[in-house]
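Asker: Dropping a structure here in structure tokens format, bear with me for questions.
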Amino acid sequence: MNRPLRWPAPWTLEVLDQTRLPFAVEWVALRSAAACRHAITSMQVRGAPLLGAVGAFGLAFAVREAAGSRDGVNASHPGASASDDALDAAVEELASARPTAINLRWAVTRVAEAVRAVPKSERAERAWGEAVRIADEDAAGNAAIGAHGAALLRAQLTPGRPLQLLTHCNAGWLATAGHGTALAPIYALHAAGVPVHVWVDETRPRNQGAALTAWELAAAEVPHTVIADNAGGLLLMRGAVDAVLVGADRVAANGDVANKVGTYLKALAARAHGVPFLVACPVSTLDPATPSGEAIAIEERDASEVVYVTGADDDGTVTRVRVVPAGSAVANPAFDLTPASLVTSLITERGIVPATAAGIRSLTEGMA
Ligand code: MRU
């Protein structure tokens with residue numbers, strides 16, 4: 001199994017630096033909570049489930065770093081120990097690194113809850129173990145998403161042509177701790193010998209489709225074609241797409257979906273042309289505590305991501321060029337919201353459900 005993170009030994013975490021792909025494959029060692037947070041904010045790691053896994057390891061580092069600190073009673077919070085306050089602060093520090101993907105807050109909170117009940121001397125080891133569990137559960141969940149999604153997609157096959165799928169951003173193994181979410185069913189079908197072709201949105205401004213999804217699919221020898229983000233509408237109109245399949249950063253209690261900016265336009269076009277719009281995500285991406293999409297914080301990222309494009313010149317030298325005139329105003333919302341009414345189904349490791357309050361509840365009972 002390809003994975004974008006590895007831990008050859010306890011307290012040794014390495015991640016594949018996604019800011020260097022597709023031009024170089026470089027692993028970076030992360031040895032502290034601050035290093036994990038930096039990997040998250042700099043996009044060395046990205047994708048909601050992977051953010052969760054790296055955040056979990058980051059919290060384990062924070063617990064170990066705090067282990068030597070004084071554990072006295074905190075005067076401003078009677079009953080709370082200094083180490084519990086430090087834990088809360090570390091959770092906030094990591095969870096706020098990228099606000100839209102709920103998996104990040106979910107994972108760091110899960111590690112924090114796992115250690116609260118144990119003696120201070122055992123907390124670091126317990127935290128590391130919980131982070132490993134989160135990463136491994138994600139990988140197992142991805143495999144189940146792949147199986148459920150593949151079964152669903154087989155029904156969309158048109159005799160005589162490969163299954164035509166359109167995806168946005170990167171929801172492959174690079175975005176998770178295992179096989180991916182939206183790409184997992186595609187890998188499962190490809191492995192089963194079902195002919196598949198993927199239309200890959202380039203996904204400006206950071207080009208996760210062109211740089212990451214295309215790189216993954218090429219390595220796995222899955223037939224694919226990279227398109228400009230705005231080409232999808234025409235392809236859907238012409239009947240060249242059997243299903244749109246994307247991941248998610250957060251799904252609200254009513255089924256509204258936050259995902260990479262541009263997803264919403266694909267959902268509108270899919271609905272206009274009667275094409276299924278499928279969202280694949282682990283249950284950890286469902287957020288029953290957020291009633292609807294309008295309550296989801298949309299991350300606003302640096303304008304430089306829109307102003308500049310990074311690529312390789314004909315000699316292979318990686319370079320960054322400006323594509324917006326100096327002086328133009330720039331906005332960079334990183335995600336958008338797809339109303340539940342446009343989502344045909346949610347594909348999760350626990351099964352396929354409609355994007356409705358009842359569908360979400362059936363998977364999350366007892367979570368919030
Ligand atoms: O900004 P990114 O690259 O972290 O955005 C990633 C996405 O929007 C993915 O579609 C989403 O996280 C699902 S990944 C399995």
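Asker: Kindly indicate which of Thr344, Thr285 is within 16 Å of the ligand (Cβ to nearest atom) and either open to solvent by less than 40 Å² (accessible area, probe 1.4 Å) or not small (Gly, Ala, Ser) (or both). Give the steps one after another, and end with the answer.
Answerer: Numbers: Thr344 fails: within 16 Å of the ligand (Cβ to nearest atom).
Among Thr344, Thr285, only Thr285 is within 16 Å of the ligand (Cβ to nearest atom) and either open to solvent by less than 40 Å² (accessible area, probe 1.4 Å) or not small (Gly, Ala, Ser) (or both).
Asker: Evaluate segment 135-145: report whether one residue or more is closer than 30 Å to Asp302 by Cβ, crowded, with 16+ Cβ neighbours inside 10 Å and more than 13 Å from the ligand (Cβ to nearest atom).
Answerer: The answer is yes, given that some residue of segment 135-145 is closer than 30 Å to Asp302 by Cβ, crowded, with 16+ Cβ neighbours inside 10 Å and more than 13 Å from the ligand (Cβ to nearest atom).
Asker: Answer yes if at least one residue in segment 346-362 is touching a Phe, Trp or Tyr at 6+ places or on another chain (Cβ under 8 Å) and modelled with pLDDT of 95 or more, and no otherwise. Spell out how you get there, then give the answer.
Answerer: Initially, segment 346-362 is screened for residues touching a Phe, Trp or Tyr at 6+ places or on another chain (Cβ under 8 Å), giving none.
Looking through segment 346-362, none of the residues is touching a Phe, Trp or Tyr at 6+ places or on another chain (Cβ under 8 Å) and modelled with pLDDT of 95 or more.
Asker: If a residue has to be open to solvent by 60 Å² or more (accessible area, probe 1.4 Å) and in contact with a Lys or Arg (Cβ under 8 Å, 6 or more places away or on another chain) to count, how many in segment 82-122 make the cut?
Answerer: Going through segment 82-122 one residue at a time, the tally reaches 1.
Asker: Name the residue that is surrounded by the fewest Cβ atoms within 10 Å (Cβ to Cβ), counting only residues in segment 288-321 that are closer than 15 Å to Ala253 by Cβ and not aliphatic (A, V, I, L, M).
Answerer: Start the filter on segment 288-321 by keeping residues that are closer than 15 Å to Ala253 by Cβ, which leaves 288-296.
Going one step further and asking which of them are not aliphatic (A, V, I, L, M), we end up with 288, 290-294.
Values: Pro288: 18, Thr290: 20, Pro291: 14, Ser292: 15, Gly293: 21, Glu294: 10.
Only one residue fits best here, namely Glu294.
Asker: So Gly193 passes all but one of these: (1) in contact with a Gly (Cβ under 8 Å, 6 or more places away or on another chain); (2) more than 30 Å from Ala95 (Cα to Cα). Which condition number does it fail?
Answerer: Of the numbered conditions (1) in contact with a Gly (Cβ under 8 Å, 6 or more places away or on another chain); (2) more than 30 Å from Ala95 (Cα to Cα), the odd one out for Gly193 is (1).
Asker: Then there's this: Looking at (1) over 18 Å from the mean Cα position of the chain (by Cα); (2) charged (D, E, K, R); (3) closer than 15 Å to Ala355 by Cβ, which is the one condition that is false for Asp315?
Answerer: Here Asp315 clears every test but (3).
Asker: Sticking with this structure for a sec: Going through Gly262, Gly247 one at a time, which residue ends up being within 12 Å of the ligand (Cβ to nearest atom) and either touching an Asp or Glu at 6+ places or on another chain (Cβ under 9 Å) or open to solvent by 20 Å² or more (accessible area, probe 1.4 Å) (or both)? First the steps, then the outcome.
Answerer: Details: Gly247 fails: either touching an Asp or Glu at 6+ places or on another chain (Cβ under 9 Å) or open to solvent by 20 Å² or more (accessible area, probe 1.4 Å) (or both).
The match here is Gly262.
Asker: Report, ordered by the first and then the second residue, all pairs with beta carbons closer than 7 Å, sequence separation of six or more or different chains, a first member in segment 105-129 that is farther than 16 Å from Ala89 by Cβ, and a second member that is crowded, with 16+ Cβ neighbours inside 10 Å and among the acidic types (Asp, Glu).
Answerer: Arg110/Glu130; Ala114/Glu130
Asker: Something else: Of these, Pro22, Pro49, Pro10, which one is farther than 18 Å from Ala112 by Cβ, surrounded by fewer than 14 Cβ atoms within 10 Å (Cβ to Cβ) and in contact (Cβ under 8 Å) with a residue 60 or more places away in the chain? If you could, list the steps in order and put the result at the bottom.
Answerer: Details: Pro22 fails: surrounded by fewer than 14 Cβ atoms within 10 Å (Cβ to Cβ); Pro49 fails: surrounded by fewer than 14 Cβ atoms within 10 Å (Cβ to Cβ).
Being farther than 18 Å from Ala112 by Cβ, surrounded by fewer than 14 Cβ atoms within 10 Å (Cβ to Cβ) and in contact (Cβ under 8 Å) with a residue 60 or more places away in the chain holds for just one of Pro22, Pro49, Pro10, which is Pro10.
Asker: Please return the ranges of strands (runs of 3 or more DSSP E) entirely within segment 146-239 where 1 or more residues are more than 16 Å from the ligand (Cβ to nearest atom), in contact with a Leu (Cβ under 9 Å, 6 or more places away or on another chain) and open to solvent by 50 Å² or more (accessible area, probe 1.4 Å). First the steps, then the outcome.
Answerer: Values: elements: 163-167, 196-201, 224-227.
Because the criterion is at least 1 residues that are more than 16 Å from the ligand (Cβ to nearest atom), in contact with a Leu (Cβ under 9 Å, 6 or more places away or on another chain) and open to solvent by 50 Å² or more (accessible area, probe 1.4 Å), the strands (runs of 3 or more DSSP E) in segment 146-239 that meet it are 224-227.
The values are calculated or read from the model by the stated rules, or taken from the named source; none is laboratory data. Keep in mind it's a predicted model, so treat the numbers as computed, not measured. Note that we place each Cβ from the backbone using ideal geometry, even for glycine, and neighbour counts take in every protein chain shown. Ligands, DNA and RNA are stripped out before the accessible areas are found, and what is left, the full protein with its side chains, is counted by its heavy atoms. Shrake-Rupley method; radii C 1.70, N 1.55, O 1.52, S 1.80 Å.
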